[in-house]
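K.L.:
Just passing along the structure, written as structure tokens.
The values are calculated or read from the model by the stated rules, or taken from the named source; none is laboratory data. In this text the structure is predicted, and so the values were computed from the model without any measurement. Glycine also receives a Cβ, built like all others from the backbone with ideal geometry; neighbour counts cover every protein chain displayed. Areas reflect the complete protein model, heavy atoms only, side chains present, ligands, DNA and RNA absent. Shrake-Rupley method; radii C 1.70, N 1.55, O 1.52, S 1.80 Å.
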Amino acid sequence: MVDLTPQAFELLRRQHGHVSVRQLSDNGVGRNARRRLVEEGAMVAVHRSVLRISSAPRTFESRCVAICLAHPSVYITGPSGGRLARLRRMPAFEPIHIGVPHGIHLQDDNIVLRQSRNIAPFDVVRLGSGILVATSARLAFDLARDLSAQDHASVVEQLLERKLCTMGALGATARRLCHPSRPGSERFALTLIGRGDRPASESHPELLLADALRANGVPVQPQYRDLDLRDGSSVRLDLAVPDARWGIEIDVHPDHLLLDGTTKDKRRDRKCHRIGWQIERVTEIDFLDIDGLVDELVDLYLARCSAAA
């Protein structure tokens, strides 16, 4: 390892054990040194111009780094980009999905090419690891061809809730990229039109239940934040119909199952009752029978409206 300079070691650390030949040369590791490192087994060639230090594990992230170093014109997108962004509802996959300008062809069984005539510089961002990945708005568009309508809507909600992009950015992406011949265009447009400008849902179960209730005539709002309690504090409800003073809390986080969590939940419910709000709680087990859950909540909502009238 004496042939590796401190600058080269830093690159290897940051780039998941991978480095390009040019990067090594620019950081003081010449041709003879590189040859010795490979002959001694200290480094392994993974692409024509990319080396991996032998002690580095071969991970999903390291594979992405290697592809981006070998092909500087590509970017990681689709389910692979979603996995890098830690997005939910990503399908299982093995090959890495990459976006490339139209006309570029790469022969590699470990990648899925997605050619496009419209890739702007602001569609791609370089991570600290050297991975080139789709920006959040572009990734949301690219994922529309891979996901079901419900899963795509859930991913868009997650991107908005995490403030990784805005509805304005998504709208601008739709105007620029949506085209009858471009895969995913219709789904992307329908997702944006369907959600409107309401607050972002915090979880997939929340979105699933909200859509089902709205389909049954219950006008729930997600993430209702304007509930002020008598003790001066304020609370946020996962779903609510403010006119009926009726809310739903979705307890899918494990903390809600613990004694401390359930005690806090019930204490908060009592505070809501004191100002005239009725709170319904649903758990992950309830979602095993989503149709029955929705029917039950619709009945409770109608009963609440009747009582209020």
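K.L.:
Which condition breaks for G292 when tested against (1) farther than 19 Å from E157 by Cα; (2) touching a residue at least 12 places away in the same chain (Cβ under 8 Å); (3) not basic (K, R)?
P.N.:
In the conditions (1) farther than 19 Å from E157 by Cα; (2) touching a residue at least 12 places away in the same chain (Cβ under 8 Å); (3) not basic (K, R), G292 misses (2) alone.
K.L.:
Now for a different question. Determine which single condition D228 fails, assuming it passes every other condition in (1) open to solvent by 90 Å² or more (accessible area, probe 1.4 Å); (2) touching a Gly at 6+ places or on another chain (Cβ under 9 Å).
P.N.:
For D228, the exception is condition (2).
K.L.:
Assess whether E284 counts as being at pLDDT 95 or above and open to solvent by 90 Å² or more (accessible area, probe 1.4 Å). It would help to see each step written out before you state the result.
P.N.:
On the way: at pLDDT 95 or above: no; open to solvent by 90 Å² or more (accessible area, probe 1.4 Å): yes.
Considered against the rule, which asks whether it is at pLDDT 95 or above and open to solvent by 90 Å² or more (accessible area, probe 1.4 Å), E284 comes out as no.
K.L.:
Follow-up question, since we're still on this one. Is the range 65-80 home to any residue that is over 21 Å from the mean Cα position of the chain (by Cα) and touching a residue at least 60 places away in the same chain (Cβ under 8 Å)?
P.N.:
Filtering the range 65-80 for residues over 21 Å from the mean Cα position of the chain (by Cα) gives 66-67, 69-73.
Next, only the ones that are touching a residue at least 60 places away in the same chain (Cβ under 8 Å) stay: 69, 72.
So far as the range 65-80 goes, yes, one or more of its residues are over 21 Å from the mean Cα position of the chain (by Cα) and touching a residue at least 60 places away in the same chain (Cβ under 8 Å).
K.L.:
Which one is farthest from E280 (Cα to Cα) among residues in the range 193-220 that are within 22 Å of the chain's Cα centre (by Cα) and open to solvent by 80 Å² or more (accessible area, probe 1.4 Å)?
P.N.:
So, considering only residues that are within 22 Å of the chain's Cα centre (by Cα) and open to solvent by 80 Å² or more (accessible area, probe 1.4 Å), the one farthest from E280 (Cα to Cα) is I193.
K.L.:
Of all residues in the range 1-33, which are open to solvent by 40 Å² or more (accessible area, probe 1.4 Å) and either closer than 24 Å to H71 by Cβ or among the charged types (D, E, K, R) (or both)? I'd like the intermediate steps shown before the answer.
P.N.:
Initially, the range 1-33 is screened for residues open to solvent by 40 Å² or more (accessible area, probe 1.4 Å), giving 1-2, 6-7, 9-10, 13-14, 16, 21-23, 25-28, 31-32.
Correct list: Q7, E10, R13, R14, H16, V21, R22, Q23, S25, D26, N27, R31.
K.L.:
Next up: Only one of R176, R187, R267, R230 is in a helix (DSSP H, G or I) and either more than 23 Å from the chain's Cα centre (by Cα) or of a type in the set (S, T, Y) (or both); which?
P.N.:
None of the others qualify; the one that does is R267.
K.L.:
When the residues of the range 151-165 are narrowed to those that are in contact with a helix residue (DSSP H, G or I) (Cβ under 7 Å, 6 or more places away or on another chain) and not aliphatic (A, V, I, L, M), which ends up most open to solvent (accessible area, probe 1.4 Å)?
P.N.:
C165
K.L.:
Considering only the range 66-77, I want to know if a residue exists there that is open to solvent by less than 50 Å² (accessible area, probe 1.4 Å) and in contact with an Asp or Glu (Cβ under 7 Å, 6 or more places away or on another chain).
P.N.:
Yes, the range 66-77 contains a residue that is open to solvent by less than 50 Å² (accessible area, probe 1.4 Å) and in contact with an Asp or Glu (Cβ under 7 Å, 6 or more places away or on another chain).
K.L.:
Has the range 183-194 got at least one residue that is charged (D, E, K, R) and more than 30 Å from H102 (Cα to Cα)? Break it down stepwise before answering.
P.N.:
Filtering the range 183-194 for residues charged (D, E, K, R) gives 186-187.
In the following step, the residues that additionally are more than 30 Å from H102 (Cα to Cα) were identified as none.
No, there is no match, as no residue in the range 183-194 is charged (D, E, K, R) and more than 30 Å from H102 (Cα to Cα).
K.L.:
Residue by residue through the range 287-309, note down the ones that are open to solvent by less than 50 Å² (accessible area, probe 1.4 Å) and aliphatic (A, V, I, L, M).
P.N.:
I290, L293, V294, L297, V298
K.L.:
I need every pair where a residue in the range 35-55 that is among the small types (G, A, S) has its Cβ under 6 Å from the Cβ of a residue that is part of a strand (DSSP E or B), sequence separation at least 6 or different chains.
P.N.:
Taking only residues 6 or more apart or on different chains, the pairs are A45/L51; S49/S20; S54/V44.
K.L.:
Kindly evaluate R187 against the criterion of being within 28 Å of A140 (Cβ to Cβ), modelled with pLDDT of 90 or more and basic (K, R).
P.N.:
Values: within 28 Å of A140 (Cβ to Cβ): yes; modelled with pLDDT of 90 or more: yes; basic (K, R): yes.
Taking the combined requirement at face value, the residue satisfies it.
K.L.:
For L239, indicate whether it is under 29 Å from the mean Cα position of the chain (by Cα), open to solvent by less than 30 Å² (accessible area, probe 1.4 Å), modelled with pLDDT under 95 and within 29 Å of S148 (Cα to Cα). Outline the logic, then answer.
P.N.:
Numbers: under 29 Å from the mean Cα position of the chain (by Cα): yes; open to solvent by less than 30 Å² (accessible area, probe 1.4 Å): yes; modelled with pLDDT under 95: no; within 29 Å of S148 (Cα to Cα): yes.
Spelling it out, it is not the case that L239 is under 29 Å from the mean Cα position of the chain (by Cα), open to solvent by less than 30 Å² (accessible area, probe 1.4 Å), modelled with pLDDT under 95 and within 29 Å of S148 (Cα to Cα).
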